[in-house]
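Student: First, the structure itself, so that you have it in front of you.
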Amino acid sequence: MLSLPRKTVLALEAVLDIAYGVRAEPVQAKRLTGRQGLGNRYLESAMQKLVRQGILKGVRGPRGGYRLARERRRISVGDIVRALAEHEAEATTAMASPLGQAVVEPLNRAIHDAAMRQLDALSLEELCEQARAAGVSGEREDGGDFVI
């Protein structure tokens, strides 16, 4: 019923892939697209938005790619969702009727706010713990966590 847009879910999966498989080298977009079966065009666009919002750090060069810009415990799912939604124009239009303005708009805002509180309370670290508990293997090359 109510869910995140597919593109947001795919970008969230890419960020989680980077966070879960902490590597010494940055993760290249083509590696992420290969694992997720995504088109490179969309993923690159989403990753650049996440770089601009300080969630990812882009590394240039032949061995370049993406890595987390902050510790995974300091990045919430809400941060990622907001960064990706920020560029999109609001699809909602103001309700013309008094009933819509008085009842439907506040209901829509309450649903949105409740969902964002839930997403803000969930960190990438917690998602990584869920993946470990579910037995998902990570491609850990250095076994460490990102620390500033």
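Please treat every number below as a calculation from the coordinates, not as lab data. A quick note: this is a predicted structure, and the numbers were derived from the prediction, not measured. Reconstructed Cβ throughout: ideal geometry from the backbone, glycine too, with neighbour counts over all protein chains shown.
Student: Would you mind ranking V81, V136, V15 by Cβ crowding within 10 Å, fewest neighbours first?
Tutor: Ranked by crowding around the Cβ, least crowded first: V136, V81, V15.
Student: Taking K and R as +1 and D and E as -1, what net charge do the other residues with C-beta under 10 Å from the C-beta of V59 add up to?
Tutor: +3
Student: Treat the count of other C-beta atoms within 10 Å as a stand-in for reagent exposure and order D17, D113 from fewest to most.
Tutor: D113, D17
Student: Report the paramagnetic label zone for A85: residues of segment 8-40 whose backbone N is under 13 Å from a point 7 Å from Cα along the Cα-to-Cβ axis.
Tutor: 8-9
Student: Let me ask you something else. With label points built 7 Å along Cα→Cβ from the Cα atoms of E25 and Q130, find their separation and express it in nm.
Tutor: Going from the E25 label point to the Q130 one covers 3.0 nm.
Student: Most exposed first by the Cβ proxy, i.e. fewest other Cβ within 10 Å, how do S45, S123, S137 rank?
Tutor: S137, S45, S123
Student: Okay, moving on. Give, in nm to one decimal, the length gained when the segment between N108 and R63 is fully stretched (0.36 nm per residue of separation minus the Cα-Cα distance).
Tutor: Taking N108 through R63 to full extension adds about 11.7 nm, to one decimal.
Student: Pulled fully out, how much extra length does the chain show between L2 and D120, if you take 0.36 nm times their separation in residues and subtract their Cα-Cα distance?
Tutor: Gain on stretching L2 to D120: 40.8 nm.
Student: Sticking with this structure for a sec: May I ask you to derive the relative contact order of segment 13-65, considering only C-alpha pairs under 8 Å and at least 6 residues apart, and to give it as an integer percent?
Tutor: With pairs under 8 Å counted, the relative contact order is 39 percent.
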